[in-house]
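FYI, it's all coordinate maths here, none of it is from the lab. From a predicted model like this one, the values you see are computed outputs, not experimental measurements. Here the Cβ positions follow ideal geometry from the backbone for every residue, glycine too, while neighbour counts run over all protein chains shown.
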Amino acid sequence: MRFTSERRHDDGVLEREFILGDIPGTLWTPPSLTPSASPAQAAHAPTPASAPTPLILMAHNNGLPKAEPRLVARARLSAAYGYAVASIDAAGCGERPRDPAVEQARAGLRDALRAGRPAAELSAVFESLAGPLVEMAAPEWRTALDALLELPGIDGPVGYSGWMALGIRLAATDPRIAAAGFFAGGYVPHAQRVEAPRVTVPLLVLLQWDDEGNPRQRVLDLFDTFGSKEKTLHANMGGHLGTPSYEREDGDRFFARHLK
């Protein structure tokens, strides 16, 4: 992992860009952690605080970049709350090269939504898009997690926040994930619906009741299948981008119960 830039915000949160092989990422750390050397030097790790700092992996969906303002705002709030937060641009995300088949599926989904196609047809189109995205993204998130947990002071436990489909894959297959917060999506690929009963970590699922792109009943049915003994569903009125800002604070309190 090679850090390429750093920025200290007024609230003390340190934001650093990094490169890990071909994977670009951002790491936000709380004021209690400070870098032990400049980004241009060989040592790129933070100095440990008095207690290990939990880590939250924060992921957007459908190829949105790590620099997307809503993700950055969530990451900075969580870092100020005392977490290390990391996000990456996985394969085909942000400025990374796009896969032609995925881009064709993305265009097909846009056309289907504009045409008001029936739910069954939308599900098939979305499957052709989201399925490959999860398969490409999950290994790179695990690689990033390996490197992040090698940094002194960032010892876990590890939480996940964001895209539901990717989160199901990681929570079902990586024992390092101790708790997860999902932004509900009704069109979750078949492979992740099969994996959902294997998700047993504490869950917080955010559902926008009037989300025009995610049928709520599909979300509710999926919520029932999760194997977690502790799972909470927060449903708010409004469309896809209408998640209330206070849900970010509630999310940090959820992670505090399970990561601190």
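Remarks
- Inter-part distance where segment 7-31 and segment 185-221 are each reduced to a Cα centre, Å: 30
- About the Cα centre, charge dipole magnitude for the chain (Lys/Arg +1, Asp/Glu -1 at Cβ), debye: 240
- Computed packing ranks the peptides 210-223, 193-206 as 193-206, 210-223, most packed first, by mean other Cβ atoms within 10 Å.
- Scattering profile of segment 80-181 at q = 0.24 Å⁻¹ [log10 I(q)/I(0), Debye over alpha-carbon scatterers]: -1.29
- Taking the charge dipole of the chain about its Cα centre, with +1 at Lys and Arg Cβ atoms and -1 at Asp and Glu Cβ atoms, the residue from GLN192, HIS60, ASN236 reaching farthest to the positive side is ASN236.
- Computed over segment 131-260, Kirkwood Rh from alpha-carbon pairs, angstrom: 15.1
- Excluding same-chain neighbours fewer than eight residues apart, the aspartates and glutamates reachable from LYS260 by a Cα-Cα span under 16 Å are ASP155, GLU249, ASP250, ASP252.
- Direction-averaged projected area, Cα convex hull, the chain: 13.0 nm², rounded to one decimal.
- In order through segment 243-249: 3J(HN,Hα) via Karplus (6.51 cos²θ - 1.76 cosθ + 1.60), integer Hz, x for Gly, Pro: 4, x, 5, 5, 5, 5, 5
- The order of the peptides 122-130, 109-117 by mean Cβ neighbours within 10 Å, most packed first, is 122-130, 109-117.
- Solvent-free Debye scattering, log10 I(q)/I(0), computed from the Cα coordinates of segment 145-192 at q = 0.17, 0.32 Å⁻¹: -0.53, -1.20
- Computed about the Cα centre, the dipole magnitude for segment 137-260 is approximately 300 debye when only Lys and Arg (+1) and Asp and Glu (-1) carry charge, each at its Cβ.
- Rounded to 5, the percent of DSSP beta bridges in the chain classed as antiparallel: 45
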